[in-house]
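Student: My structure is below; once you've seen it, I'll send some questions.
Just so it is clear, none of the values below were taken in a lab; they were calculated from the coordinates. Just so we're clear, the structure is a prediction, and the values are computed from it rather than from any experiment. Note that we place each Cβ from the backbone using ideal geometry, even for glycine, and neighbour counts take in every protein chain shown.
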Amino acid sequence: PLSACAVCLGRHAHKIVKWKAAKTWDNAHYTLCTRVGKILTMRDSRPVCSDWQQVSGCSNATHDRQHFCSGCTASSHRVQTCPRAQKA
């Protein structure tokens with residue numbers, strides 16, 4: 001199965017690094033993040049660690065404030081396990 005997209009939370013095949021969507025994969029929620037170039041950011045311009053959103057995660061502790069779910073902003077999980085993400 002494909003990884004969940006950090007923007008739309010879908011697991012369908014698409015160019016994740018360039019993806020810009022207004023709604024989540026199921027049209028249930030407005031997306032919280034967008035891409036500025038290849039950088040993942042919140043719509044209010046706060047940076048989001050895109051490595052942390054991946055299955056492997058990110059161990060860099062120098063930017064812990066950027067370690068939150070891009071789908072719902074919870075700090076307890078990443079987009080891969082977000083309840084809003086398309087199930088694998």
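Student: What does the charge dipole of the chain about its Cα centre add up to, to the nearest 20 debye, if the Cβ of each Lys and Arg holds +1 and the Cβ of each Asp and Glu holds -1?
Tutor: For this selection, approximately 280 debye.
Student: Under a Cβ-Cβ cut-off of 13 Å, what is the net charge of the residues other than Lys38 that fall near it, where Lys and Arg count +1 and Asp and Glu count -1?
Tutor: +3
Student: So which aspartates and glutamates pass the test for Lys18, namely a Cα distance under 18 Å, with those fewer than 8 places away in the same chain ruled out?
Tutor: Qualifying aspartates and glutamates at Cα under 18 Å: Asp51.
Student: I've got another one for you. Per residue of the stretch 54-67, in order, report the coupling 6.51 cos²θ - 1.76 cosθ + 1.60 (Karplus, θ = phi - 60°) as ³J(HN,Hα) in whole Hz, putting x for Gly and Pro.
Tutor: Per residue, the Karplus-derived 3J(HN,Hα) values read 6, 4, 6, x, 9, 9, 6, 8, 6, 9, 4, 5, 8, 9 Hz.
Student: Provide the net charge surrounding Trp25, with neighbours chosen by a C-beta distance below 14 Å and charges set as Lys +1, Arg +1, Asp -1, Glu -1.
Tutor: +4
Student: With springs only between Cα atoms under 10 Å apart, run a GNM on the chain and tell me which of Ser56, Ser45, Ser75 wobbles the most.
Tutor: Ser56
Student: Something else: For the stretch 9-43 and the stretch 74-88, compute the distance between their C-alpha centroids and round to whole Å.
Tutor: Distance between centres, Cα-based: 14 Å.
Student: Quickly estimate the mean residue ellipticity at 222 nm for the chain, helices only: each DSSP H run with n ≥ 4 gives -39500 (n - 2.57), and the total goes over all residues, rounded to 500.
Tutor: Value at 222 nm, helices only, nearest 500: -500 deg cm²/dmol.
Student: A follow-up question, please. Under a 5 Å amide H to amide H cut-off, with H placed in plane at 1.01 Å, what residues pair with His14 once short-range neighbours are removed?
Tutor: none
Student: What are the trypsin sites (Lys or Arg not before Pro) within the stretch 20-56 that DSSP puts in a loop, where the Cβ has at most 15 other Cβ atoms within 10 Å?
Tutor: Passing sites in the stretch 20-56 are Lys20, Lys38, Arg43.
Student: Go ahead and set up a Gaussian network model of the chain, Cα springs under 10 Å, then flag whichever of Gly37, Gly57, Gly71 fluctuates most.
Tutor: Greatest mean-square fluctuation among the candidates belongs to Gly37.
Student: Dipole of the stretch 16-81 (Lys/Arg Cβ +1, Asp/Glu Cβ -1, origin at the Cα centre): which of Val55, His67, Thr24 lies farthest to the positive side?
Tutor: Result: Thr24.
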